Amino acid sequence: MLKTVLIGAGGIAWKHCEALRKLGVEISGIYDVNPVNAGRLAEAFGCPVVSDPVHAIAGADMVHILTPPSKRWEYVECALAYKKHIFMEKPVAISLEDAQRMELAAKAVPVQFMVGFTQRFRKGYRIIREWLDQGRLGDVVQAYCFRIGPGPGFGGKLNDSWRTAEGYVCGMTIESLSHDIDFLQSLAGRVIQAEGFVKGTVASLPQFDNNVNAALLFEGGSIGSITASWSSHIAFNAKGIIGTRGSVMLKGEDIWDSTCLTAKFEDGTSVCESLDDIFQEGEGYLEENRHFITCIEKNIPVGCDITVGREVLAISRKILDSSIRGR
């Protein structure tokens, strides 16, 4: 039985614990700088709380790094020193310098280093990926993500989240758009140009952008767009691909849910299907962990590694930089 240590016991850690339990992975320790958080999670899943993460990592097969993105290098460095496989939540870091340092260090150690872009492992994404591979959608003309709803900082108020806490804050463009960027890039091809505008609505936290509009150019010549907001009183999301032979859209009545799949193809056929794909209740976390474990056991490369994570962060930084230049 494989053993892992969880570093970070916030909300996302609960989803990983549920997935790891279903997959038969032993959680040999949970560490958090807030021992209360670690204690709650450990009690719920019958796992030990550890006070020394270095010792715990040394005795495991892998480590799940689930901390805020500004607080990861020391755990990555420790895991690589002990040659342990790494699963790390997105985004990989706040600064490109940190991401590049992780990528360089990982290249010298023969371990799996996966970044948790869970959108790749949801039902709707996998259907679109299959249709693209089969050629049913043809060449990608345009790819888009539109998602809005109340989120961190909604109504200008700070809530109990690291996302709006001094010392951890990085904003929507880095933290949350990483999902959208990877979703689009993994379907439409590598992003070669990105520009956009961002806007924050929390007066006491001006560095916290919670509204983004971005335009993308992909390597093959297709174009893309991302519109995202944590400030909207209305919740909705739609994402999809417009191709030369067909078009497909995923949508849902919440900021992340994808419960309706609609597609039309040049041969006149169409699809309108309800999906059991609620973000926090779906199979994304289970399937991404299954993929990680399979790659470890079979010694095959993970689908979204630290290099992918660094590239996604670089696109987020381009969007932020272009917003600053445009003002």
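Looking at the stretch 108-132, which of its residues are out of contact with any helix residue (DSSP H, G or I) (no Cβ under 7 Å at 6 or more places or on another chain), part of a helix (DSSP H, G or I) and open to solvent by 10 Å² or more (accessible area, probe 1.4 Å)?
Lys123, Arg126, Ile127, Glu130, Trp131
With the requirement that a residue be β-branched (Val, Ile, Thr) and surrounded by fewer than 23 Cβ atoms within 10 Å (Cβ to Cβ), what does the stretch 27-49 give you? Quick ask: steps written out before the conclusion?
Of the residues in the stretch 27-49, the ones β-branched (Val, Ile, Thr) are 27, 30, 33, 36, 49.
Answer for the stretch 27-49, where residues must be β-branched (Val, Ile, Thr) and surrounded by fewer than 23 Cβ atoms within 10 Å (Cβ to Cβ): Ile27, Val33, Val36, Val49.
Looking at the stretch 239-269 only, could you name the residues that are in contact with a Phe, Trp or Tyr (Cβ under 6 Å, 6 or more places away or on another chain) and more than 24 Å from Gly135 (Cβ to Cβ)?
Trp256, Asp257
Regarding the stretch 233-254, can at least one residue be identified that is over 30 Å from Val198 (Cβ atoms), more than 17 Å from the chain's Cα centre (by Cα) and part of a strand (DSSP E or B)? Spell out the reasoning first.
Step one: list which residues in the stretch 233-254 are over 30 Å from Val198 (Cβ atoms), which gives 244-246.
Adding the requirement that they be more than 17 Å from the chain's Cα centre (by Cα) leaves 244-246.
In the following step, the residues that additionally are part of a strand (DSSP E or B) were identified as 246.
Taking every residue of the stretch 233-254 in turn, at least one turns out to be over 30 Å from Val198 (Cβ atoms), more than 17 Å from the chain's Cα centre (by Cα) and part of a strand (DSSP E or B).
Does the stretch 55-68 include one or more residues that are touching a Cys at 6+ places or on another chain (Cβ under 6 Å), surrounded by fewer than 24 Cβ atoms within 10 Å (Cβ to Cβ) and in a helix (DSSP H, G or I)?
Of all residues in the stretch 55-68, those touching a Cys at 6+ places or on another chain (Cβ under 6 Å) come to 57.
Next, only the ones that are surrounded by fewer than 24 Cβ atoms within 10 Å (Cβ to Cβ) stay: none.
No, the stretch 55-68 contains no residue that is touching a Cys at 6+ places or on another chain (Cβ under 6 Å), surrounded by fewer than 24 Cβ atoms within 10 Å (Cβ to Cβ) and in a helix (DSSP H, G or I).
Considering the stretch 78-102 alone, what residues qualify as being assigned to a helix (DSSP H, G or I) and either open to solvent by less than 50 Å² (accessible area, probe 1.4 Å) or not polar (S, T, N, Q) (or both)? Walk me through it before giving the result.
Step one: filter the stretch 78-102 for residues assigned to a helix (DSSP H, G or I), giving 78-81, 96-102.
Passing the criteria: Cys78, Ala79, Leu80, Ala81, Leu96, Glu97, Asp98, Ala99, Arg101, Met102.
Quick one: how many residues across the stretch 289-327 are open to solvent by less than 10 Å² (accessible area, probe 1.4 Å) and either in a loop (DSSP other than H, G, I, E, B) or without any contact (Cβ under 8 Å) to a residue 60 or more places away in the chain (or both)?
The number of residues fulfilling the criteria is 1.
Out of Gly167, Gly135, Gly149, report the one residue that is open to solvent by 10 Å² or more (accessible area, probe 1.4 Å) and modelled with pLDDT of 90 or more. Walk me through it before giving the result.
On the way: Gly167 fails: modelled with pLDDT of 90 or more; Gly149 fails: open to solvent by 10 Å² or more (accessible area, probe 1.4 Å).
Just a single option satisfies the conditions, and that option is Gly135.
If I ask for residues that are modelled with pLDDT of 95 or more, open to solvent by 30 Å² or more (accessible area, probe 1.4 Å) and over 21 Å from Trp256 (Cα atoms), which ones from the stretch 196-241 would you list?
Phe197, Leu217, Glu219, Gly221, Ile223
The values are calculated or read from the model by the stated rules, or taken from the named source; none is laboratory data. From a predicted model like this one, the values you see are computed outputs, not experimental measurements. When we count neighbours, we look across all protein chains shown, and the Cβ atoms used for this are built from the backbone with ideal geometry, even at glycine. Keep in mind that these areas ignore ligands, DNA and RNA; they rest on the heavy atoms of the full protein, side chains included. Shrake-Rupley method; radii C 1.70, N 1.55, O 1.52, S 1.80 Å.
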